[in-house]
Amino acid sequence: MTIEERENIKITLDKVCGKWKAVILMELVGKTLRFSEIKQQLQQINHQTLIKQLKELEHDGLVLRHAYAVVPPKVEYSLTSYGASLESLLRELEKWGREHKVKMEEEGKKSTGSSGC
């Protein structure tokens with residue numbers, strides 16, 4: 001593997017890693033969701049963590065935040081076309097995780113989920 005290839009992998013992981021980033025991105029594939037809807041889907045996520053992860057994804061150009069000037073405030077999130085380009089990668093990550101979980105169960109091992117890349 002070349003230095004450039006290693007750097008490209010690192011760049012990708014830097015953008016989709018984080019405890020919840022890849023999961024948030026998958027939740028938004030083909031959908032526009034309000035903050036509360038994302039929070040409802042990802043019940044285990046801390047409120048502040050969700051805010052932080054969404055801000056980072058928005059900063060990286062992967063997620064679009066649309067705030068409406070209404071009371072109560074309404075904010076929706078969707079993938080940018082750039083963010084949507086990650087769909088096949090995210091689906092492959094999910095597939096690998098599913099297969100790994102089955103393999104660990106067959107071997108009688110517990111499959112632990114780590115959040116860091």
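The values are calculated or read from the model by the stated rules, or taken from the named source; none is laboratory data. Computed from a predicted model, the values in this text were never measured in an experiment. When we count neighbours, we look across all protein chains shown, and the Cβ atoms used for this are built from the backbone with ideal geometry, even at glycine. Heads up: the accessible areas ignore ligands, DNA and RNA and are worked out on the full protein's heavy atoms, side chains in. Shrake-Rupley method; radii C 1.70, N 1.55, O 1.52, S 1.80 Å.
List the residues whose amide H sits under 5 Å from the amide H of Thr80, counting only those 5 or more places along or on another chain, with H placed 1.01 Å from N in the peptide plane.
The answer is Val63, Leu64.
Taking amide H positions as placed 1.01 Å from N in the peptide plane, with prolines and chain starts having none, which residues 5 or more places from Lys74, or on another chain, fall under 5 Å of its amide H?
Placed amide hydrogens put Tyr68 under 5 Å from Lys74.
Of all trypsin sites (Lys or Arg not before Pro) in segment 1-74, which ones are in loop regions per DSSP and have a Cβ with at most 14 other Cβ atoms within 10 Å? Write out the running numbers ahead of the final one.
Numbers: sites: Arg6, Lys10, Lys15, Lys19, Lys21, Lys31, Arg34, Lys39, Lys52, Lys55, Arg65, Lys74; in loops: Lys19, Lys31.
Passing sites in segment 1-74 are Lys31.
Carbon and sulfur: what percent of the chain's accessible surface (1.4 Å probe)? The partial results should precede the final answer.
On the way: 4480 of 8410 Å².
Whole-percent figure for carbon plus sulfur exposure: 53.
Positive end of the charge dipole of segment 3-106 (Lys, Arg +1 and Asp, Glu -1 on Cβ, about the Cα centre): tell me which of Pro72, Ser85, Gly61 has its Cα farthest that way.
Going by the Cα projections, it comes out as Pro72.
State which entries of Lys39/Lys74; Lys15/Lys55; Lys19/Lys101; Lys19/Lys52; Lys39/Lys101 exceed 20 angstrom in Cα-Cα distance in the structure shown. Don't skip to the end; give the middle numbers.
Details: Lys39/Lys74 14 Å; Lys15/Lys55 12 Å; Lys19/Lys101 18 Å; Lys19/Lys52 11 Å; Lys39/Lys101 25 Å.
Listed pairs above 20 Å: Lys39/Lys101.
Per residue, how large is the accessible surface of the chain? Use a 1.4 angstrom probe and give square angstrom.
Values: 8410 Å² over 117 residues.
In whole numbers, the chain has 72 Å² accessible per residue.
Given Cα pairs under 8 Å that are at least 6 residues apart, what percent is the relative contact order of the chain? Intermediate values should be presented prior to the final figure.
Numbers: 99 pairs, mean separation 35.2, N = 117.
Reported relative contact order: 30 percent.
Test of understanding: express the Cα radius of gyration of segment 3-106 as a ratio to 2.2 N^0.38 Å, with N the residue count. Kindly include the intermediate steps, with their values, before the conclusion.
Values: Rg = 15.2 Å, N = 104, 2.2 N^0.38 = 12.8 Å.
That works out to 1.18 for segment 3-106.
Assign unit charges at the C-beta atoms only (+1 for Lys and Arg, -1 for Asp and Glu), then state the dipole size of the chain relative to its Cα centre in Debye, rounded to the nearest 20. Don't skip to the answer; put the middle values down first.
Numbers: 19 positive and 17 negative charges, 89 e Å.
In total the dipole reaches around 420 debye.
Collect residues whose amide H, placed 1.01 Å from N in the peptide plane, falls under 5 Å from the amide H of Arg34; neighbours closer than 5 in sequence don't count.
Tyr77
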